[in-house]
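Beneath this line is the structure, given in structure tokens, with notes to follow.
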Amino acid sequence: MISYLANPKRFEAFARIAIPVCGGLALLLIAAGLWFGLLDSPPDRYQGDTIRIMYVHVPAAWLGLGLYLAMAVASFVYFIWRHNLADVAATALAPVGAVFAAICLVTGAIWGKPTWTVWWVWDARLTSMLIQFLLFLGYIALRAAIEDERLAARSAAILAMVGLVNLPIVRFSVEWWDGLLHQGATVFRADGPAIHGSQLLPLMIMVFGFTFLAGWMVLYRMRSAIMSRKAGNLQRIREAKA
Amino acid sequence: MTGVIEPGEYLEFVWAAYGLTVLGVGGLIAFILAERALASRHLKREEDEADK
Amino acid sequence: MRAGRIFLREARLGFAGGGGPAAPAAFFLACLTLAPLAIGQSPETLQAAGPGIICFVTLLAVLQGAERLFGEDVTDGTLEAYALSGMPLSIVALAKVLGVAAATMWPLPLVAWGAGIAYGLPAEAAGILALSLTAAIPGLCLITAMAAALAAGARRGGLVIALIAAPLAIPLMVFTASAGRASLAGDPAASANLMLSCASSLFLVALAPFAIAAALRARLE
């Protein structure tokens, strides 16, 4: 499927359908999720209404990690097969992933304050997401810093792959570090003691809704990037002739 | 854990979280749309130049 | 063995140029002097924070040398010469990084041992900390080298190198500092942390050269 879509014309045909579909589904699902999450479900037994923050925090967390994985896979495809479209995908994914990682951190802090009395706690989950955010920043910074576009693309691809290989080790080391400090006492769990059925529905809807939102964003950005590259090529040809 | 949080308590936190999410997502969408506007203007300009 | 020649050449260059081993050691000492002035001289705080600060400052000292690692080699043709030599670029990268590390970083564990004692750690705990640092430094150098291979010479190269290297250095930071803290507390976990530190460094020795070589190859094209 990857080499099928790598053909720019086929991607264009795919995107023409996929972008509005993703956008429409995102809108529907998020609206439904907000309805069920904010209005049509009871407050939590222990956390009251603050549990509702989970419905944006968890999808953001899922995207923060998932978009990085997608970026690393796209980078791998670009590195091995040199499909320019894969590089376009990786570039499109990075800022979107960074924003969702940031939303995860901020909503996590806002959730933490009433529930666990502190804005921030250096535990494995939050620290891992902070590291995830830094990985996105590093990728974006590297691409921006290197002037030659091809070198920037290849260097950034290597960085993304290295980040992916290191990710399990980094997460392990952070869990190890957290275990030594906290001995499992205050466990900042995103879903509390046990997640209730009436909470699972809005959560799942929001996760899917956010995923389609991210899909819309990334595909839309990819299309813009293709336009931009085309324009850049035409400009170079025009300037070479002059 | 701080004990049981009564329903209706700390609602400002819920609003803050959703509000910031809307800002973040909204800002990202605005950026994406602006990026598209720029790209399509650039492309149109270049295509017009090429057609001349 | 040609890799050995590269190792020795880089070690010689590292020893001679830019202050050699004195530069990182002096920077290391300066930061370690600054830290208590910043965090306060209370013995309990210093002892508790000591291992972590010393590890963190080690990372900073290694990062300082980043730009010099590959900056000139790309422009003066040494890199091309290495690439044409027929040796795998990953071996070249490993020999180069370890050569520079051996020449310039060897004082750090010694200074760290002294600093540990100055921060109120008992001699044995400071020794374990210094030992874990010795295990961690090759790993840190390889991480920094990889970041440098990707970003050296780019706009704001030094900052980008630090930003790239920081998340990747986390496992080494965690294990090395934990080894120091655990041995301070008499916790038997200290040896486990030391092992993990060594393991992380070995893992990096095995894999980082490939990433470094890939980055260098991208530059050469």
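The values are calculated or read from the model by the stated rules, or taken from the named source; none is laboratory data. Worth saying up front: this structure is predicted, and the values here are computed from it rather than measured. Don't worry about glycine lacking a Cβ; one is built from the backbone with ideal geometry, like all the others, and counts go over all protein chains shown.
Structure above, values below:
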quantity: Residue list for the range A:144-155, filter: more than 7 Å from chain C (Cβ to nearest Cβ) and surrounded by 21 or more Cβ atoms within 10 Å (Cβ to Cβ); calculated: A:153
quantity: The range A:107-141, subset hydroxyl-bearing (Ser, Thr, Tyr) and within 20 Å of the chain's Cα centre (by Cα), residue farthest from residue C:159 (Cα to Cα); calculated: A:107
quantity: Yes/no for residue A:19 being at pLDDT below 95 and within 12 Å of chain B (Cβ to nearest Cβ); calculated: no
quantity: Scan of the range B:4-13 for residues that are assigned to a helix (DSSP H, G or I) and either in contact with a Phe, Trp or Tyr (Cβ under 9 Å, 6 or more places away or on another chain) or more than 7 Å from every other protein chain (Cβ to nearest Cβ) (or both), ordered by number; calculated: B:12, B:13
quantity: Residue check for residue B:37: facing chain A (nearest Cβ under 7 Å) and over 23 Å from residue A:108 (Cβ atoms); calculated: no
quantity: The range C:128-149 residues that are in contact (Cβ under 8 Å) with a residue 60 or more places away in the chain, paired with ones that are outside any helix (DSSP H, G or I) and buried (at least 24 other Cβ atoms within 10 Å of the Cβ) (beta carbon under 8 Å, 6 or more apart); calculated: C:129/C:121; C:137/C:105; C:141/C:105
quantity: Helices (runs of 4 or more DSSP H) wholly inside the range C:1-85 that include at least 3 residues being over 16 Å from the mean Cα position of the chain (by Cα) and among the acidic types (Asp, Glu); calculated: C:66-76
quantity: Count - residues of the range A:45-56 that are part of a helix (DSSP H, G or I) and either within 7 Å of another protein chain (Cβ to nearest Cβ) or in contact with a Leu (Cβ under 9 Å, 6 or more places away or on another chain) (or both); calculated: 7
quantity: Some residue of the range C:140-153 being in a loop (DSSP other than H, G, I, E, B) and either within 30 Å of residue C:78 (Cα to Cα) or within 10 Å of chain A (Cβ to nearest Cβ) (or both); calculated: yes
